[in-house]
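The values are calculated or read from the model by the stated rules, or taken from the named source; none is laboratory data. Just so we're clear, the structure is a prediction, and the values are computed from it rather than from any experiment. Using ideal geometry, Cβ is built from the backbone for each residue, glycine included, and neighbour counts are taken over all protein chains shown. Side chains included, ligands, DNA and RNA excluded: accessible areas come from the protein's heavy atoms. Shrake-Rupley method; radii C 1.70, N 1.55, O 1.52, S 1.80 Å.
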Amino acid sequence: MAKTHVDGLTLYATRWCPFCIRVFRTLDTLGLEVDIADPTRDPAARDALWQARGRGTVPVLRIEHPDGEVEWMPESADIVTWLRAHHG
Ligand SMILES: N[C@@H](CCC(=O)N[C@@H](CS)C(=O)NCC(=O)O)C(=O)O
């Protein structure tokens, strides 16, 4: 099934983190594709995450709203709920 790329969303995540995998599964189920930033592989992603959150915990969904406001959403359960509500 072709996936729909959602502009304005970047998921800060690693491939092995169980909480991140929960979010990856939701993206698969919903047929969505978002930009991925892995702070363990990409120093710029690591710096951006730390600057925004003051910690490196993943997953975090960076949401750029249409009005330009940027929101950093931590917690896999909250990210899953938000994805289902807005893109389900
Ligand atoms: N309650 C959080 C837990 C996230 C979490 O513990 N992530 C781990 C990786 S699986 C992590 O980033 N640990 C390193 C850290 O907190 O700096 C969630 O559900 O998203």
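Some observations on this one:
- When each of Pro43, Pro66 is tested for being more than 10 Å from the ligand (Cβ to nearest atom), at pLDDT below 95 and open to solvent by 60 Å² or more (accessible area, probe 1.4 Å), the lone residue that passes is Pro66.
- Being more than 15 Å from the ligand (Cβ to nearest atom), modelled with pLDDT of 95 or more and open to solvent by less than 30 Å² (accessible area, probe 1.4 Å) is a property that does not hold for Val58.
- Of everything in the range 4-40 that is within 13 Å of the ligand (Cβ to nearest atom), among the charged types (D, E, K, R) and touching a residue at least 24 places away in the same chain (Cβ under 8 Å), the residue that is least open to solvent (accessible area, probe 1.4 Å) is Asp38.
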